[in-house]
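S.K.: Below is a structure I'd like to ask you about.
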Amino acid sequence: MTVTKRTPLPVAEAVAKILKQSTNWNMERVALIHCDNRVLAEDITATHDVPPFDRSPYDGFAIFSNDTKEATENNPVRLKVLETIGAGQIAINEVTSGTAIRIMTGAKIPAGADAVIMLELVKELEDQGGSFIEIKRSVKKNENISFQGEDTKQGILLAEKGTRITPGVIAILATFGYDEVLVFKQPVVGILSTGSELLDVHEELQPGKIRNSNAYMAAAQVRSMGAEVKLYQHRKDDFDSLYQNVKECLNETDIMITTGGVSVGDYDFLPAIYEKLGAEVLFNKIAMRPGSVTTIAVHEGKWLFGLSGNPSACFVGCELFVRPVILSGMKMKKIHCGVVKAILGSDFPKPNPFTRFVRATLIEESGQKIVTPAGLDKSSSVSSLLHANGLIVLPGGTRGWEQGSEVGVLTWNGEGSEWPWDYPLFSKSSAIRTAERQP
Ligand SMILES: Nc1nc2c(c(=O)[nH]1)N[C@H]1C(S)=C(S)[C@@H](COP(=O)(O)OP(=O)(O)OC[C@H]3O[C@@H](n4cnc5c(N)ncnc54)[C@H](O)[C@@H]3O)O[C@H]1N2
Ligand code: MOO
Ligand SMILES: [Mg+2]
């Protein structure tokens, strides 16, 4: 069998090719209590002011501030207490000069009152005439009042379609009465690991075999992106049965991830399976390491991601290419990994013919971001994923990088980024040729 020559595509072009396809997930209404981490499919506007009425921020007394104008330590002013109201209660009386209403935090300011004095600052007295308070200081008009609309004004756009629903967004939705929310459906991502060497996680090791880690890792990755996972039994490298498996899985999913079998080996059947399916292959070689053999295709509105079998390559392929597809279908803006600049914490002497994505730990020390490779830098490495919270991007065509260089880092735990990446991630301007380094 002759090996088809593959032409490596620059990473940025590969991403751009993916973004050219339009991806739209459906929408559904979901109960608010089940909305966390979903993505809004509608704009959320303030349907009323918040707070919806002037209210007391303290437990105290609602008063007419002018009454306290002359009040001092030696000349306390005495006010008659008309009633007590808690949050949710409306005063029956109006505050007029010489009177006060005992009020609890959150209660609506009674008519006539223009300030609140805290309980701790008054002396409470009882006599035959009723309840009174004495105030020994002047209180300003509007003191201690939470005004209607001071938090949010009616009509303001608070969250746009495409916003990830965080606990904070949920607070807003509840405030404005959304017991159900229009959100994007979670795309169903099927994950099928291929490889005759694979064992299930619960199985004992056998000679020549390894446990399937990719499927579980990719499942966790795409779930964190907001997809629903359909995990398939891993399959042996057998063309006919794999073809049937992929076909069946495609029917049941929006996105089909396979791991393994995309390179040029005798048992790497995914490229031929895509061909037999009649899928449109967007690319089958990328100028990157790890994951150069990552192959991505579309077929009848479905996505096929042929991720590498090597664990680190599989991880990187998922973050770089699957992430923007899942998130763009939900109309999110920041559909890519986050991008930060950091200082390289150690030398990276390997030459880079292709752009390299190095699993790394990113820390902040005295306001300075420092990034250091997280372990064995091989595409087959799994241990380097353990502590990695970022990928150092080392542009292709360089001979090595020196500690202290400024590098771009992709992250997946925090906020994402928009395309094109504003930091020149793929330029080699700050690369230091190891061979030219000063002794
Ligand atoms: N002659 C060439 N050989 C290879 C090339 C090449 O260009 N020419 N590319 C290399 C690169 S780069 C990579 S990356 C790998 C890609 O391999 P495949 O995607 O075809 O994956 P497999 O051959 O099935 O497996 C590779 C490796 O990964 C292990 N593996 C597979 N699946 C899993 C899994 N689910 N969990 C954990 N580990 C898995 C598998 O046992 C192999 O060790 O090809 C190079 N070869
Ligand atoms: O595709 Mo391989 O992971 O570049 O080493
Ligand atoms: Mg292979």
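The values are calculated or read from the model by the stated rules, or taken from the named source; none is laboratory data. Keep in mind that what you see is a predicted model, and the values were worked out from it rather than measured. Note that each Cβ is placed from the backbone with ideal geometry, even for glycine, and that neighbours are counted across all protein chains shown. To get the accessible areas, we keep the full protein, side chains included, count just its heavy atoms, and leave off ligands, DNA and RNA. Shrake-Rupley method; radii C 1.70, N 1.55, O 1.52, S 1.80 Å.
S.K.: Filter the stretch 80-103 down to the residues that are aliphatic (A, V, I, L, M) and exposed (fewer than 14 other Cβ atoms within 10 Å of the Cβ), then identify the one that is nearest to Leu125 (Cα to Cα).
M.R.: Filtering the stretch 80-103 for residues aliphatic (A, V, I, L, M) gives 81-82, 85, 87, 90-92, 95, 100-101, 103.
Within this subset, residues satisfying the condition of being exposed (fewer than 14 other Cβ atoms within 10 Å of the Cβ) are 87, 90, 92.
Numbers: Ala87: 24, Ile90: 24, Ile92: 22 Å.
Of everything passing the filter in the stretch 80-103, Ile92 is nearest to Leu125 (Cα to Cα).
S.K.: Report those strands (runs of 3 or more DSSP E) wholly inside the stretch 176-254 carrying at least 1 residues which are of a type in the set (A, V, I, L, M, F, W, C), within 15 Å of ligand 1 (Cβ to nearest atom) and open to solvent by 10 Å² or more (accessible area, probe 1.4 Å). If you could, list the steps in order and put the result at the bottom.
M.R.: On the way: elements: 180-184, 188-193, 228-231.
Output list reads 228-231.
S.K.: I would also like to ask the following. Based on this model, can you work out whether Gly208 counts as modelled with pLDDT of 95 or more, within 16 Å of ligand 2 (Cβ to nearest atom) and of a type outside the set (A, V, I, L, M, F, W, C)? Talk me through it step by step, then tell me what you get.
M.R.: Numbers: modelled with pLDDT of 95 or more: yes; within 16 Å of ligand 2 (Cβ to nearest atom): no; of a type outside the set (A, V, I, L, M, F, W, C): yes.
Answer is no for this residue.
S.K.: What pairs can you find where one residue is in the stretch 182-203 and in contact (Cβ under 8 Å) with a residue 24 or more places away in the chain and closer than 22 Å to Phe315 by Cα, the other is among the aliphatic types (A, V, I, L, M) and part of a loop (DSSP other than H, G, I, E, B), and their Cβ atoms are less than 8 Å apart, with a gap of 6+ or different chains?
M.R.: Matching pairs, first to second residue: Gln186/Ala227; Pro187/Ala227; Val188/Ala227; Val189/Ala227.
S.K.: Considering the stretch 51-109 alone, what residues qualify as being of a type in the set (Lys, Arg) and closer than 20 Å to Ser131 by Cα? Break it down stepwise before answering.
M.R.: As a first pass, look at the stretch 51-109 and keep what is of a type in the set (Lys, Arg): 55, 69, 78, 80, 102, 108.
Selection gives Arg78, Lys80, Arg102.
S.K.: Here's something else I'd like to know. Those residues that are open to solvent by 30 Å² or more (accessible area, probe 1.4 Å) and in contact with a Pro (Cβ under 9 Å, 6 or more places away or on another chain), I need them from the stretch 27-79; list them, please.
M.R.: Once the filter is applied, which keeps residues that are open to solvent by 30 Å² or more (accessible area, probe 1.4 Å) and in contact with a Pro (Cβ under 9 Å, 6 or more places away or on another chain), the stretch 27-79 yields only Asp36.
S.K.: Need the failing condition index for Ala342 against (1) more than 16 Å from ligand 2 (Cβ to nearest atom); (2) open to solvent by 10 Å² or more (accessible area, probe 1.4 Å), just the number.
M.R.: Here Ala342 meets the rest and fails (2).
Conditions (1) free of Cβ contacts under 8 Å to residues at least 12 places away in the same chain; (2) polar (S, T, N, Q); (3) in a helix (DSSP H, G or I), marked per residue:
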| site | (1), (2), (3) |
| --- | --- |
| Lys17 | no, no, yes |
| Thr47 | no, yes, no |
| Phe53 | no, no, no |
| Pro57 | no, no, no |
| Asn66 | no, yes, yes |
| Arg78 | no, no, no |
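S.K.: Which residue, of Lys350, Lys331, Lys341, Lys369, is assigned to a loop (DSSP other than H, G, I, E, B), of a type outside the set (Phe, Trp, Tyr) and within 24 Å of Glu418 (Cβ to Cβ)? Please lay out each step first, then the result.
M.R.: Values: Lys350 fails: within 24 Å of Glu418 (Cβ to Cβ); Lys341 fails: assigned to a loop (DSSP other than H, G, I, E, B); Lys369 fails: assigned to a loop (DSSP other than H, G, I, E, B).
Every option except Lys331 fails the conditions.
S.K.: Name the residues in the stretch 204-246 that are of a type in the set (Ser, Thr, Tyr) and in contact (Cβ under 8 Å) with a residue 12 or more places away in the chain, would you? It would help to see each step written out before you state the result.
M.R.: So in the stretch 204-246, the residues of a type in the set (Ser, Thr, Tyr) come out as 213, 216, 224, 232, 241, 243.
Of everything in the stretch 204-246, those that are of a type in the set (Ser, Thr, Tyr) and in contact (Cβ under 8 Å) with a residue 12 or more places away in the chain turn out to be Ser213, Tyr216, Ser224, Tyr232, Tyr243.
S.K.: Counting only residues that are among the acidic types (Asp, Glu) and touching a residue at least 60 places away in the same chain (Cβ under 8 Å), which one in the stretch 247-304 is nearest to ligand 2 (Cβ to nearest atom)?
M.R.: Within the stretch 247-304, the first condition is being among the acidic types (Asp, Glu), and the residues that meet it are 248, 252, 254, 266, 268, 275, 280, 300.
Those left that are additionally touching a residue at least 60 places away in the same chain (Cβ under 8 Å): 252, 254, 266.
Numbers: Glu252: 28, Asp254: 25, Asp266: 17 Å.
Looking at residues that are among the acidic types (Asp, Glu) and touching a residue at least 60 places away in the same chain (Cβ under 8 Å), I get Asp266.
S.K.: For the stretch 258-274, what are the residues that are in contact with an Asp or Glu (Cβ under 8 Å, 6 or more places away or on another chain) and more than 9 Å from ligand 3 (Cβ to nearest atom)?
M.R.: Scanning the stretch 258-274 gives a single hit, Phe269.
S.K.: I would also like to ask the following. Residues being among the small types (Gly, Ala, Ser), closer than 21 Å to Thr166 by Cβ and surrounded by 24 or more Cβ atoms within 10 Å (Cβ to Cβ): count how many of those fall in the stretch 308-339.
M.R.: Matching residues across the stretch 308-339 total 1.
Per-residue answers, yes or no, for (1) within 24 Å of Val382 (Cβ to Cβ); (2) among the basic types (Lys, Arg):
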residue: Ala279; (1), (2): no, no
residue: Ser292; (1), (2): yes, no
residue: Lys331; (1), (2): no, yes
residue: Ile343; (1), (2): no, no
residue: Phe348; (1), (2): yes, no
residue: Val358; (1), (2): yes, no
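S.K.: Any idea which residue in the stretch 353-388 is nearest to Ser224 (Cα to Cα), counting only those that are surrounded by fewer than 18 Cβ atoms within 10 Å (Cβ to Cβ) and within 16 Å of ligand 3 (Cβ to nearest atom)?
M.R.: Residue satisfying both the conditions and the ranking: Ser380.
S.K.: Scanning for something in a helix (DSSP H, G or I) and open to solvent by 20 Å² or more (accessible area, probe 1.4 Å), does the stretch 389-405 turn up at least one residue?
M.R.: Filtering the stretch 389-405 for residues in a helix (DSSP H, G or I) gives none.
No, the stretch 389-405 contains no residue that is in a helix (DSSP H, G or I) and open to solvent by 20 Å² or more (accessible area, probe 1.4 Å).
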